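Student: Sharing a structure, written as structure tokens. Questions coming.
The values are calculated or read from the model by the stated rules, or taken from the named source; none is laboratory data. If you're wondering where the values come from, they're calculated on a predicted model, not measured in any experiment. FYI the Cβ positions are ideal-geometry reconstructions off the backbone, even for glycines, and counts take in every protein chain you see.
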């Protein structure tokens, strides 16, 4: 009895001190007759699933026991789906014969018709137990969920259900996990923008931890999108072999992948609090690659310390690209802190004059939806006529898309030239 109580405490998210022995007995008891008898058409009943679709075909007592256990689980969730009830549900699922978990999963998925299957608590509880015992079987079963004539829903359901079994399989046998991804997940990318390549990061991380050379060799056979995710996983597993990995990519001649991977390295270092190390790493890269990496580094550093990031990024350039660098800082900073970004931009305009015009135009376009009056003031401050007119045309298109007419008085009262006003009015 104490062992069962300990198991329950592990699953419950509330203080176990409040669980008295009498309440514990209540948890372990079968739901009341009123609850268990409240069946709804289409609920968990073994007979509701076509026998031709059942996995193991277990019969007799085992079949009856499974039906009874799932019916109790369904009744429990209808009665109470709180934390303690879900802890009890987990214990119920653990009592199912492991050989019947495939049947239980198929039955639970069938009973969840009309709901989002991965969110169904019974489906989740069964899958969580099954993937720990046999992740390969749980993964394969995730692709056999009912379709009900909705292919898009089927694909999303399959991917969501298969994610955790694939992660677990990767830890045990990354080669098998990779083959499983290639066989069942990769084909689902066809005709869809949201691919499944991101799953390869975890697979190749586990693979590199066990056999770096084999994982690296396989990366060379992947498409660029696949390789990018795989490389991310390998870098996470073996950061000390980063140079070897980059050399392999460089030898492949895929310069776009090399650029993407280096950007990811910088991003991960800055986000991990290693900004100084990231700067040193960028300084060690070929001169022709530094500009892109500096922009990547500054973009992520801005979230932590925008003033320091801006100062560093501007100091790395010269007058030939200063306007682009100021614009880069303002564009990213203004997305979450427009007031501070605007104040900084004003300082840049005082120091660098017309070199801040590009950034002013960008800033005006960024804030116009929330503060049209301030956006027009920034537009007026642009010193270059061509830049100001182009910005006016862009902002005018924003006004037109939103169908706003309330800014007419602001536009007409501004000091802008007539052609710029007409551009803002969409004429």
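Student: I'd like the full set of residues that are under 29 Å from the mean Cα position of the chain (by Cα) and surrounded by fewer than 22 Cβ atoms within 10 Å (Cβ to Cβ), limited to segment 78-89.
Tutor: 81, 82, 83, 86, 87
Student: Going through segment 182-204 one residue at a time, which ones are modelled with pLDDT of 95 or more and more than 17 Å from the chain's Cα centre (by Cα)?
Tutor: If the condition is that a residue be modelled with pLDDT of 95 or more and more than 17 Å from the chain's Cα centre (by Cα), then 204 is the only one that fits.
Student: Is there a residue being within 22 Å of residue 291 (Cβ to Cβ) and part of a helix (DSSP H, G or I) anywhere in segment 361-379?
Tutor: yes
Student: With the condition kept exactly as written, say whether any residue in segment 299-316 is out of contact with any helix residue (DSSP H, G or I) (no Cβ under 9 Å at 6 or more places or on another chain) and either surrounded by 14 or more Cβ atoms within 10 Å (Cβ to Cβ) or over 30 Å from residue 196 (Cβ atoms) (or both).
Tutor: Taking every residue of segment 299-316 in turn, at least one turns out to be out of contact with any helix residue (DSSP H, G or I) (no Cβ under 9 Å at 6 or more places or on another chain) and either surrounded by 14 or more Cβ atoms within 10 Å (Cβ to Cβ) or over 30 Å from residue 196 (Cβ atoms) (or both).
Student: Output the number of residues of segment 380-403 satisfying the condition of being out of contact with any helix residue (DSSP H, G or I) (no Cβ under 8 Å at 6 or more places or on another chain), in a loop (DSSP other than H, G, I, E, B) and at negative phi.
Tutor: 0
Student: Within segment 306-322, does at least one residue satisfy the condition of being farther than 21 Å from residue 282 by Cα, modelled with pLDDT of 95 or more and within 29 Å of the chain's Cα centre (by Cα)?
Tutor: No: segment 306-322 contains no residue that is farther than 21 Å from residue 282 by Cα, modelled with pLDDT of 95 or more and within 29 Å of the chain's Cα centre (by Cα).
Student: Exactly one condition in (1) outside any helix (DSSP H, G or I); (2) surrounded by fewer than 19 Cβ atoms within 10 Å (Cβ to Cβ) is false for residue 339; which is it?
Tutor: (1)
Let's see how each residue does on (1) under 25 Å from the mean Cα position of the chain (by Cα); (2) modelled with pLDDT under 90; (3) surrounded by fewer than 13 Cβ atoms within 10 Å (Cβ to Cβ); (4) assigned to a helix (DSSP H, G or I):
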residue: 209; (1), (2), (3), (4): yes, no, no, yes
residue: 213; (1), (2), (3), (4): no, no, yes, yes
residue: 222; (1), (2), (3), (4): yes, no, no, no
residue: 226; (1), (2), (3), (4): yes, no, no, yes
residue: 230; (1), (2), (3), (4): yes, no, no, yes
residue: 234; (1), (2), (3), (4): yes, no, no, yes
residue: 242; (1), (2), (3), (4): yes, no, no, yes
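Student: Sticking with this structure for a sec: Name the single residue, out of those in segment 111-131 being in contact with a helix residue (DSSP H, G or I) (Cβ under 7 Å, 6 or more places away or on another chain) and farther than 16 Å from residue 77 by Cα, that is surrounded by the most Cβ atoms within 10 Å (Cβ to Cβ).
Tutor: So the residue we want is 127.
Student: Now for a different question. Of the numbered conditions (1) under 26 Å from the mean Cα position of the chain (by Cα); (2) more than 23 Å from residue 181 (Cα to Cα), residue 72 fails exactly one; give the number of that condition.
Tutor: (1)
Student: Another question about this same structure. I'm trying to understand the selection: among the residues of segment 111-124, which are assigned to a helix (DSSP H, G or I) and without any contact (Cβ under 8 Å) to a residue 40 or more places away in the chain?
Tutor: 119, 123, 124
Student: Moving to a separate point now. Please tell me if residue 288 is loosely packed, with under 12 Cβ neighbours inside 10 Å, assigned to a helix (DSSP H, G or I), modelled with pLDDT under 95 and over 23 Å from the mean Cα position of the chain (by Cα).
Tutor: yes
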